[in-house]
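Shown next, in structure tokens, is the structure this report addresses.
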Amino acid sequence: MNLNILIAIDSFKGCLSSKKAGQMVAAGLHSVDSRVRTNIIQIADGGEGSAEAIHARYKGKWITAHVQDPLHQLITAKFLLTDIDGLQTAVIESADCLGINLVDQQPSVVERSSSYGLGMLIDKALHCGAKQIIVMLGGTAVTDGGLGMLQALGARIYDSEKKELSVRTNPLFAFASMDMAPAVRRLNSIKLIAASDVTNPFCGEKGAATVFASQKGASPKQIWQLDKKLSDMVKWASKADFSQKPGSGAAGGIGGACLLLGGSIHAGFPLISRLIHLSEAIQQADIVFTGEGCLDGQSNYGKVPFCIATLCNHYQVPVIALAGKREVHLGKLDHLLDASFSIQLGPSSLETAIACAEENLKVVAAQVFRCLSIFNK
């Protein structure tokens, strides 16, 4: 079949990158019909793989820096420096220095972890001449309202006794007030964009602490304390109420801190898809393959397969999803997708599923394509 097939699959976390997943699907399709034309686009939603997706389109260079991890240990992190729309742009993934994989998830870690390392990466980007900074917020281990990041950029954080807080702890627990002026001046002429993979507000019942802090090891008491302090931050910034701004609660409140710096928040997938011209690629395709590690009810909340399926429906292009795991009920996503499949070929442990993911993705893609071939002979 002389078909144009677009492959845009999110990474399978801890297993396959977006690029590798796309390559395996393409290999499966070509094993059935070598004539098929495949276009692999790396894609992400503001979390893992976002900088790689932009690099695939814009190239540029990777800059490394020694920065702090969530517990203030020095690690090597990187960001992309490239030209976007005529602006020297740094694309930073928060998770590269603050990733949830870097620390244990327990209450004692929550007490000490901060976003200081992200501020160090932003500082490095400024020294490299960046005029635009895009911060990808997904996958972080911290809930500090972005205060650590602000400290690294020059802000001074105080407790109730007007004592400046240490940069080697989670400053949110003792927050009372701050002097933002030095940090704001640092980014005064910089276009700062935060790309969020969630829509949660800064605080409250759907806020950063209430919804996500437990996943990062926080106890119920800590969750209450953190949410109260996030609310205190909003009260402190009374002239710039961002408490309900969608995405301000991303990355433990780093989204809100970016707003305090004069930045803006954008939903991750629309931002990335615009930058990589995804809509144009979909319109040129006869079929689209998408997917992610797990297709479930949560996929409906802005995840890559949902967003791609929505675009495909708009342009009336058939779309098929492949996933490491597929739940029975997918909600609205079930109606947006023309078909969806789990790549598991039999009962297996998680370790085995991860080890076999590449080959399974290739095999299932090939079998799906054989079915399509029956109706196109």
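The values are calculated or read from the model by the stated rules, or taken from the named source; none is laboratory data. In this text the structure is predicted, and so the values were computed from the model without any measurement. Every residue, glycine as well, gets a Cβ built from its backbone with ideal geometry; the counts of neighbours run over all protein chains shown. Surface areas here come from the heavy atoms of the whole protein model, side chains and all, with no ligands, DNA or RNA. Shrake-Rupley method; radii C 1.70, N 1.55, O 1.52, S 1.80 Å.
Miscellaneous remarks
- The range 265-284 - residue that is over 18 Å from the mean Cα position of the chain (by Cα) and within 22 Å of residue 20 (Cα to Cα) and, of those, most open to solvent (accessible area, probe 1.4 Å): 277
- Only listed residue being in contact (Cβ under 8 Å) with a residue 24 or more places away in the chain, out of contact with any Leu (no Cβ under 7 Å at 6 or more places or on another chain) and buried (at least 21 other Cβ atoms within 10 Å of the Cβ), chosen from 154, 129, 145, 138: 138
- Residue 164 fulfils the conditions (1) in contact (Cβ under 8 Å) with a residue 12 or more places away in the chain; (2) open to solvent by 20 Å² or more (accessible area, probe 1.4 Å) except for a single criterion, (1).
- Any hit, the range 344-356, residues being open to solvent by less than 10 Å² (accessible area, probe 1.4 Å), in contact (Cβ under 8 Å) with a residue 12 or more places away in the chain and not acidic (Asp, Glu): no
- Within the range 324-341, being surrounded by 18 or more Cβ atoms within 10 Å (Cβ to Cβ), among the small types (Gly, Ala, Ser) and without any contact (Cβ under 8 Å) to a residue 60 or more places away in the chain holds for one residue alone: 340.
- Elements of the type strands (runs of 3 or more DSSP E) sitting completely within the range 1-94 and holding at least 3 residues that are open to solvent by less than 40 Å² (accessible area, probe 1.4 Å): these cover 4-7, 61-68, 74-84, 87-93.
- Of the criteria (1) farther than 24 Å from residue 191 by Cβ; (2) β-branched (Val, Ile, Thr); (3) not in a helix (DSSP H, G or I), which one residue 282 fails: (3)
- Those helices (runs of 4 or more DSSP H) lying entirely in the range 324-374 with at least 1 residues among the hydroxyl-bearing types (Ser, Thr, Tyr): 350-355, 357-374
- Considering residues of the range 285-310 that are more than 19 Å from the chain's Cα centre (by Cα) and open to solvent by less than 40 Å² (accessible area, probe 1.4 Å) only, the residue farthest from residue 367 (Cα to Cα): 285
- Between 291, 346, the distinction of being at pLDDT below 95 and of a type outside the set (Phe, Trp, Tyr) belongs to 346 only.
- Any chance residue 186 is open to solvent by 60 Å² or more (accessible area, probe 1.4 Å), farther than 27 Å from residue 269 by Cα, of a type outside the set (Ser, Thr, Tyr) and in contact (Cβ under 8 Å) with a residue 40 or more places away in the chain: yes
- Filtering the range 45-70 to residues that are hydrophobic (A, V, I, L, M, F, W, C) and touching a strand residue (DSSP E or B) at 6+ places or on another chain (Cβ under 8 Å) leaves 51, 54, 62, 63, 65, 67.
- Filter pass, residue 321 being in a strand (DSSP E or B) and free of Cβ contacts under 8 Å to residues at least 60 places away in the same chain: yes
- Lone unmet requirement of (1) open to solvent by less than 60 Å² (accessible area, probe 1.4 Å); (2) touching a Pro at 6+ places or on another chain (Cβ under 6 Å); (3) within 30 Å of residue 89 (Cα to Cα) for residue 244: (1)
- Residues of the range 85-116 classified as among the polar types (S, T, N, Q) and closer than 16 Å to residue 255 by Cα, total: 3
- Qualifying residue in the range 28-39 (condition: in contact with an Asp or Glu (Cβ under 9 Å, 6 or more places away or on another chain), modelled with pLDDT of 95 or more and not charged (D, E, K, R)): no
- Every pair of residues 6+ apart whose Cβ atoms lie under 9 Å, when the first sits in the range 5-31 and is farther than 15 Å from residue 357 by Cβ while the second is acidic (Asp, Glu) and not in a helix (DSSP H, G or I): 5/286; 6/286
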